[in-house]
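Below you'll find the structure, written out as structure tokens, and then a few comments.
The values are calculated or read from the model by the stated rules, or taken from the named source; none is laboratory data. Quantities reported herein were computed from a predicted structural model and do not represent experimental measurements. Ideal geometry is used to build each Cβ from the backbone, glycine not excepted, and the neighbour counts take in all protein chains shown. Calculation scope for accessible area: heavy atoms of the full protein, side chains included, ligands and nucleic acids excluded. Shrake-Rupley method; radii C 1.70, N 1.55, O 1.52, S 1.80 Å.
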Amino acid sequence: MSTTTTAATAAADYRPASAVARTETVTMARALNQALHDALAEDDRVHLMGEDIGALGGVFRVTDGLAARFGDERVADTPIAESGILGTAVGMAMYGLRPVVEMQFDAFAYPAFEQLVSHVAKMRNRTRGALPMPLTIRIPYGGGIGGVEHHSDASEAYYVHTPGLHVVAPGTVGDAYGLLRAAIASDDPVVFLEPKRLYWSKGELDRTACLPEPGTAAVRRTGSSATLITYGSSLPVCLEAAEAARAEGWQLEVVDLRSLVPFDDETVCASVRRTGRAVVVHEASGFAGFGAEIAARVTERCFHYLEAPVLRVTGFDIPYPPPALERHHLPGVDRILDAVARLQWESTWQSEGSR
């Protein structure tokens, strides 16, 4: 699906934020729009900045209608200069505002990386806490929409490796709303990764629900055979794989990290200790990817409970492929089930048979 088509779909879904009920079934793009609307309405220190986020409403229409409602001083279109956008936001945060920056596409954020590492991540520590950095950086990330290179990167490894940043990636409509509200309310900088291919997925939004606690994972499906550990755009794929695995006799538990930093060791390790097996699933490249960190942490903390090595199912170690090939690049149900089948099940059967 082209970005033109998806943007048109989002535009057709748009309604003024004030028209959304407290509880309703909406798209993820709509939930994000509502979160930004509510944050702007409740706190005049909140300002949005980014390329084409004003009159156009953003490439994916996540900011649709907000400039008309709150004015172009609080919902500001910027020049195409990501480093300048983020540098300006750093100054705004230092003077007590709560800027929310949109990077339009994942790979477009790379020119701003120096600002992120040298200033956003370090400012609070550098000033010994005197200057908080309440800055939210929204980055539409990942593939699956037919975008070409520079439009489909999954770049979380760069951010999670940078101390001083919080990094979140919602996989459900409810979390998209709740985590974005929590990010904007935080006094620490948050990299907010929005899974592009889930923008038009639908789910229930309950705006009266409590905001997710920072750094907490969620068990989306219980099981006893093995644990699938995932986040963001790979969550629906893992849930589909877990359902398909029932035909093979496996009951797979699915843990949705939601927050990559801080990392919820307690929930992840409790699940793996129950099941004894784990597969990490994400669409970014595998080599030195975030899945490697998860596998290491689980192995260190759960070694004596593991029946098999922790496996990874990831994107391949290549630049993001052309649209016609991306379905082969992105982890799918078959690749996940193949990994589950490699979890040394025969050793259990032999052990149980010898008892």
Give the range 285-306 a look and list any residue that's open to solvent by 10 Å² or more (accessible area, probe 1.4 Å), hydrophobic (A, V, I, L, M, F, W, C) and touching a helix residue (DSSP H, G or I) at 6+ places or on another chain (Cβ under 8 Å), or say none. Ala288, Phe290, Leu306
Complete set of residues in the range 216-233 that are small (Gly, Ala, Ser), farther than 18 Å from Arg277 by Cβ and under 13 Å from the mean Cα position of the chain (by Cα): Gly232, Ser233
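So that you can scan it fast, the table gives a plain yes or no per residue for (1) more than 20 Å from Leu193 (Cα to Cα); (2) crowded, with 21+ Cβ neighbours inside 10 Å; (3) modelled with pLDDT under 95; (4) small (Gly, Ala, Ser):
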site: Asp64; (1), (2), (3), (4): no, yes, no, no
site: Arg69; (1), (2), (3), (4): yes, no, no, no
site: Pro79; (1), (2), (3), (4): yes, no, no, no
site: Ala112; (1), (2), (3), (4): no, yes, no, yes
site: Leu116; (1), (2), (3), (4): no, yes, no, no
site: Arg126; (1), (2), (3), (4): yes, no, yes, no
site: Ile137; (1), (2), (3), (4): no, yes, no, no
site: Tyr159; (1), (2), (3), (4): no, yes, no, no
Only residues in the range 77-98 that are on the phi > 0 side of the Ramachandran plot count as the first member; pair them with residues that are outside any helix (DSSP H, G or I), Cβ under 8 angstrom, at least 6 apart or cross-chain, and list the lot. Gly96/Arg45
The condition from (1) modelled with pLDDT of 95 or more; (2) outside any loop (DSSP other than H, G, I, E, B); (3) more than 16 Å from Thr230 (Cα to Cα) that Ser351 misses is numbered (1)
Please enumerate the residues belonging to the range 188-224 that are in contact with an Asp or Glu (Cβ under 8 Å, 6 or more places away or on another chain) and hydroxyl-bearing (Ser, Thr, Tyr). Thr216, Thr222, Ser224
Please determine whether any residue of the range 96-107 is open to solvent by less than 40 Å² (accessible area, probe 1.4 Å), over 23 Å from Thr27 (Cβ atoms), among the charged types (D, E, K, R) and modelled with pLDDT of 95 or more. yes
Restricting the range 281-308 to residues that are without any contact (Cβ under 8 Å) to a residue 24 or more places away in the chain and over 17 Å from Leu260 (Cβ atoms), which is farthest from the chain's Cα centre (by Cα)? His304
Those helices (runs of 4 or more DSSP H) completely within the range 255-344 that have 1 or more residues that are closer than 17 Å to Thr222 by Cα are 265-275, 333-341
Can you tell me which residue within the range 35-69, out of those that are closer than 15 Å to Gln104 by Cβ and among the β-branched types (Val, Ile, Thr), is farthest from the chain's Cα centre (by Cα)? Ile53
Residue list for the range 250-265, filter: surrounded by fewer than 23 Cβ atoms within 10 Å (Cβ to Cβ) and more than 20 Å from the chain's Cα centre (by Cα): Trp250, Gln251
Run down Ala31, Ala55, Ala35 and say which single residue is touching a strand residue (DSSP E or B) at 6+ places or on another chain (Cβ under 9 Å), buried (at least 18 other Cβ atoms within 10 Å of the Cβ) and not aromatic (Phe, Trp, Tyr). Ala31
Output the residue which, of all residues in the range 205-249 that are assigned to a strand (DSSP E or B), under 24 Å from Gly143 (Cα atoms) and of a type outside the set (Ser, Thr, Tyr), is most open to solvent (accessible area, probe 1.4 Å). Arg220
